[in-house]
Structure formats: structure tokens, C-alpha cells
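Reviewing the structure listed below.
Coordinate-derived values only; no laboratory data. Note that the structure is predicted; figures quoted are calculated from it, not measured. Glycine gets a Cβ as well: all are built from the backbone with ideal geometry, and neighbour counts include every protein chain shown.
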Amino acid sequence: MLAVNDTLFSSEKFLLTGLSGHEGIHLGIGILFCITYAVSLVGNSVILFIIKTDSSLHEPMYIFLSMLAITDLGLLIATMPTILGIFLFNSREISLNECFSQMFFVHSLSKIESSVLLLMAFDRFIAICNPLKYTSILTLPRIAKMGLASALRGVAVILPLPILLKRYRYCQSIVLSHSYCLHYDIMKIACSDITVNSVYGLCVKVFTVGLDSFLIFLSYVMILKTVLRIASRTESLKALNTCVSHLCAVIPFYISDVGLALIHRFGNSSSHLLQIILGYIYLLFPPLINPIVYSVKSKHLRARIIRAFSK
């Protein structure tokens, strides 16, 4: 890993790293990330365009999918220019204010994405367990309020973190272990008492990601109980099939998010390469896979996309 101390660089800057010790393959990885970035941008933009322009897709499930696509686009735009700068141009320096801003957007958008995944689970729960009241429960004004509440929660819980970090002095190594700014990564290099940030950050993780994942799990328990009571095997499989896309979005998001948090807080002896790989999965995999999975699994959406491109 790069060994740089604060006597060589201004204390107003941090240094980001790529794959430390594997600099020889940085260009190849940068090209791969550039392709991933382009595919993710196009995929999520197409999803948004099709849903916006096709009135038949103005249903709760597709509105929630639009929220997910917007969140994924935000994460990509906030981080990928920095990552590509490191791998393609060896541009490692980032100012403290830029780093704190990036950290705020990464974590707040991640919390918003967690909320959206919970709303999508709620959508599937109502559709399968209480289909007769689906349209009366998930009205457009109610969906708008839920989306706004998700955004406000994500911003409100993360906003104190950069404010607290700005109070600290960074007199140790100014090299961060990732290619983009994360709270626990910045927090570890401060030379002040970081107890407040550490406790607050853990509470945020438990009461956002922890609570959301528990409620999603609970919703699927209720869905499974309902499906098992359906006499027709064909109908029960059809009901479960509507949940596959959502599960494909939920599982990698929460595994990488929780895994990354646990490794940073409690896995001091864990491989640094594992931390880096989890960080990239956490950031890049959901925006890449979500539009692909939903386009493949949703016949209605897939037909609209094919029709739009065939024209």
C-alpha cells in the first residue's frame, strides 16, 4: 500500500488508492470500469425513459423501479469520475471538502436505495397478500409521500457525519484505502477522538440498513405463508416469480453493504484486497444488474423496451 504521510502533502487533501500492489493492471481495470459505467448509465437511463414516456407503466411497481434507477444513477455520477481518474490517469488527490461531499452522497444515496428496496418489498407484499386493496393502498399521492420520506431520511441521518468529520484533525497517514470516500475509511485516519462518529455511524447503520433488511425479510415470510396457502401450484409459482427481480436487487446490495461495514469496523485482520473488492461490488454491481434483471424478468417492461428500440 502507498505509504505517504502528511508532511509530504497538504493536510487539505487526501490520497485515494486503486488496487494497491497491482498498479500494472490499473489501465485494464479502468477500461473495464469505464465499460461498466457506460452500460449502467445507459441501462438505468433507458428504464427511466421508457417508464416516463409509457403511461401504461405508471404503476406502483414501475414507479418504485424509477426511484431505484435514479438512486443508482446518483451513486454512479458521484463516484465513478473519481474512480476512473485513479485507474486511467493516476489522479489520486482529492480535497477534504470534495471527499466529505462525495462521502455524503455515497452514504445518503445508499440509505435512500435501502428505503426504496423496502418500498418495493411492501409493493410485492400488498400485491400478493392483499391484491384486492392494492390500488387503494398504493395510490400515486401515497407513493410520492413514501418516496419523499425515503429521500429525507437518507439525507437527515447522513448529514451530521461530514459535519462531525470536519471538526477533526488528520495528522496520521492521509491515504484512504478505497478509490472513493467512505465514512469509516476517513474516520480511521483522524487523530482526534472519533467515539461520537463511530457510535453515531453504527446507530445509523442499524436503524436504516438493519431495520430495512429485517422488514424486507419479514415481508417475504408473510409472502411465503400466503403463497403456500394457494392451492394451484402454477399460481403460487407465478406469484413467487414476481419477487425474483426484487430479490436479485436486495441480496447483493445488503450482503455487500453489511459485509463492508463489518469488515471496516471489526475485521482489522481481514485482507485489504477483500475490502476493496467488496467496496466495488457495493458500488458498481447494483446499478449494473438492476436494469438488466428487471428488463429480463418483467415481460411488460421488456416488450416496451423492444418496441422503443425497434422503432
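Brief remarks follow.
- Estimated FRET transfer efficiency when R0 is 35 angstrom, pair SER198-VAL244 (beta carbons, to 0.05): 0.40
- Spin-label zone in the range 270-303 - amide nitrogen under 19 Å from a point set 7 Å from the Cα of ILE35 along the C-beta vector: 280-281, 284-293
- Note on the range 244-311: dipole from Cβ charges, positive end direction compared against PHE309, LEU262, SER298; the farthest Cα belongs to PHE309.
- Here the range 191-278 is treated as a Stokes sphere of Kirkwood radius computed over C-alpha pairs; at 4 °C and 1.567 mPa s its diffusion coefficient rounds to 82 µm²/s.
- For the range 17-97, the equivalent ellipsoid derived from the Cα gyration tensor has semi-axes of 33, 13, 8 Å, listed largest first.
- The long axis of helix 211-228 is offset from the longest Cα principal axis of the chain by roughly 30 degrees.
- Equivalent ellipsoid dimensions for the range 260-305 as semi-axes, Å, which come from the Cα gyration tensor, largest first: 35, 8, 6
- Taking the C-alpha atoms only, the angle from helix 60-89 to the longest principal axis of the chain is near 20 degrees.
- Here is the short version for the chain: CYS34, CYS129, CYS203, CYS243, CYS248 have no other Cys C-beta closer than 4.7 Å.
- Around the Cα centre of the chain, unit charges on the Cβ atoms of Lys, Arg, Asp and Glu (plus for the first two, minus for the last two) sum to a dipole of about 1120 debye.
- Relative contact order [Cα under 8 Å, 6+ residues apart], the chain, whole percent: 26 percent
- Proportion of all alpha-carbon pairs of the range 112-263 beyond 22 Å (%): 53 percent
- The packing ranking, built from the mean of other Cβ atoms within 10 Å per residue, places the peptides 91-97, 130-136 in the order 91-97, 130-136, highest first.
- Fraction of alpha-carbon pairs over 16 Å apart in the range 86-152 - percent: 63 percent
- Cα long-axis angle, helix 195-205 against the chain (0 to 90 degrees, to the nearest 10): 20 degrees
- Measuring r between the beta carbons of CYS171 and ILE77 and using R0 = 22 Å, the FRET efficiency lands at 0.10.
- Ordering of 116-126, 29-39 by packing [mean C-beta count within 10 Å, highest first]: 116-126, 29-39
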